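What follows draws every value from the coordinates through simple rules; no lab data is involved. It should be emphasised that the depicted structure is a prediction, and the values quoted were computed from it without experimental measurement. Ideal geometry is used to build each Cβ from the backbone, glycine not excepted, and the neighbour counts take in all protein chains shown.
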Amino acid sequence: MILLEDALNLLLDHIPSCNTLRLPLEKCVGRVLAEDITSTMDFPPFNRSPLDGYAVQIADIIHSSPEHPTRLTQIEAVPAGSVPCKIVSSGQATRIMTGAKIPEGADAVVRLEDTSFVNGQIEILTADKAATNICSQGEEISINEKVLTKGTLLEEGALGLLAMLGCHNPLVFDKPKVGILATGSELLSPSDAMEPGKIRDSNSYMLLAQVLKAGGDPILLGHVKDDLSSIINKLSAQPDLPVYITTGGASVGDYDFMERLFHELKIPILFKGVAIKPGMPVLAGVWNHSLLIALSGNPAASSVSFEVLASPVIRKISGLSQWKYKKSTVKLCGVFKKSSPTRRFIWAHWFIKEGTVFAEPLSYQGNGMLKSALKSNALLEIPAHNLPIEDGAELEAILLHL
């Protein structure tokens, strides 16, 4: 049995490489960028107006007020997408729309609300903020600036930037395929009628959701009885996946087949057992350049093990630069009296109150219990050999949902 950090490092040292491909922008949501993006243009590409109004010379209007408005002659109207044809000289104004190019000669834009139209001329009622009502060329992005870096998760902001810069077919990492196999003669499919001594397979569907959240592409391999040849056949039916995750059979009982599987397939074992609760029975190795991670069959245990071990691995394989799980110091909301010689992770609900991050342990923390998963958004870490922990004590937590 080894420390969690050592187990994770062993997995990270053996992660397979991930392929890359080019995809149209509309198919890149949730993908990870596989190249740096350098701008080939300034943005804005020209001086433009951020509002509807009049482009003028600031010297003409600097003393304008409602009592003493400045009168100017309109020489042109420029909608967005058009190019001004006339130079603004002293005593003149160009009607301009939001996003339109500032005409030559103008160095200020007066809001439409700060003007009036009298006897065929434009009256400027104030010069307030007029000199700053211009978006200057390149003020947001300059040519040759690195805008996005390899490893960036492509969400709405990144996709908008790519579109703005004309990167319509970016290079992204392929989502790593993750095979999920549940083992156990007691398992039924969710659609099966209940039978004496049986339970329905919940692990496959919990792990499916967790793989998706980690950026992987889950492949459900189904469930099999506690039979070595059946387990081998199921895994071999989907060859060469970057990661395989199994549940059940990882402990030391008479029907725990995973260690026998490793020996049968001559899979080098990276580690056997991790010093955490729940989820201590974890067996991991490298099978034909793929990672095989065998988790406990207990739903809560397999879910916790996945979050602290498999999720960072999948995130790193997917190309994410920020692949580590997010941790925070939190204040315990309530008391925790249960002691254990082993480091423990418990489901909790984290929240912010008056600027402080709190975490409240949830009920139903047993290895086979799922009810707390409904409200859980954190794993609260309880140190090994802990004494009773009082309300308000500081602990570390892994934040699952931000």
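Can you pull out the trypsin sites (Lys or Arg not before Pro) in the range 218-307 that DSSP calls coil and that have at most 12 other Cβ atoms within 10 Å?
266
Hey, could you get me the Stokes-Einstein D for the range 148-301, Kirkwood radius over alpha-carbon pairs, 10 °C and 1.306 mPa s, rounded to whole µm² s⁻¹? It would help to have the intermediate numbers written out before the result.
On the way: Rh = 17.2 Å.
In µm²/s, the coefficient is 93.
Would you please classify the overall shape of the range 53-132 from the alpha carbon gyration tensor, given that a ≥ b ≥ c denote the square roots of the eigenvalues, rounded means a/c under 1.5, and beyond that prolate means a/b larger than b/c while oblate covers the rest?
Prolate shape, in that a/c is at least 1.5 and a/b is the bigger ratio.
Listed highest first by mean packing, meaning other Cβ atoms within 10 Å per residue, what order do 289-298, 10-19 come in?
Final packing ranking: 289-298, 10-19.
Please say if the range 1-120 is rounded, prolate or oblate, where rounded means a/c under 1.5 for a ≥ b ≥ c the square roots of the C-alpha gyration tensor eigenvalues, and otherwise the choice is prolate for a/b larger than b/c and oblate otherwise?
Here the range 1-120 falls in the prolate category.
Got a sec? Charge dipole of the chain, +1 on Cβ for Lys and Arg, -1 for Asp and Glu; which of 265, 237, 191 is way out at the positive end?
265
With a 10 Å Cβ neighbour count serving as the proxy for reagent exposure, in which order, fewest first, do 357, 172 appear?
Fewest-to-most ranking of 357, 172: 357, 172.
Test of understanding: ordering 42, 201 by Cβ neighbours within 10 Å, fewest first, what list do you get? Don't skip to the answer; put the middle values down first.
Values: 42 17, 201 23.
Fewest to most other Cβ atoms nearby, the residues stand as 42, 201.
Counting only C-alpha contacts under 8 Å and six or more residues apart, can you give the relative contact order of the chain as a whole percent?
16 percent
Output the 0 to 90 degree angle, nearest 10, between the alpha-carbon long axis of helix 203-213 and the longest principal axis computed from the alpha carbons of the chain.
It is inclined by approximately 30 degrees.
Can you compute the equivalent ellipsoid semi-axes for the range 175-236, i.e. the square root of 5 times each eigenvalue of the Cα gyration tensor, sorted largest first and rounded to whole Å? Before the final figure, lay out each step's value.
On the way: eigenvalues 99, 48, 9 Å².
Its equivalent ellipsoid spans semi-axes of 22, 15, 7 Å.
Looking at the P(r) of the range 220-315, how many percent of alpha-carbon pairs lie beyond 17 Å? Before the final figure, lay out each step's value.
Working: 2077 of 4560 pairs.
It works out to 46 percent of all Cα pairs.
How high is the relative contact order of the range 326-399? Use alpha-carbon pairs under 8 Å, at least six apart in sequence, and give a whole percent. Let's see the in-between values first.
Details: 167 pairs, mean separation 35.4, N = 74.
Over the range 326-399, the number comes to 48 percent.
Treat the chain as a sphere of radius equal to its Kirkwood radius over Cα pairs and apply Stokes-Einstein at 20 °C in a medium of 1.002 mPa s; give the translational diffusion coefficient in µm²/s, rounded to a whole number.
84 µm²/s
Would you please classify the overall shape of the range 326-399 from the alpha carbon gyration tensor, given that a ≥ b ≥ c denote the square roots of the eigenvalues, rounded means a/c under 1.5, and beyond that prolate means a/b larger than b/c while oblate covers the rest?
oblate
Tell me, how many Å apart are the Cα centres for the range 295-357 and for the range 178-236?
Rounded to whole Å, the Cα centres lie 23 Å apart.
Report the Cα centroid-to-centroid distance between the range 375-402 and the range 89-127 in angstrom, as an integer.
Taking the Cα centre of each part, the range 375-402 and the range 89-127 sit 60 Å apart.
Using Cα-Cα distances under 8 Å and only pairs 6 or more residues apart, what relative contact order does the range 53-132 have, in percent?
Dividing the mean separation by the residue count of the range 53-132 yields 42 percent.
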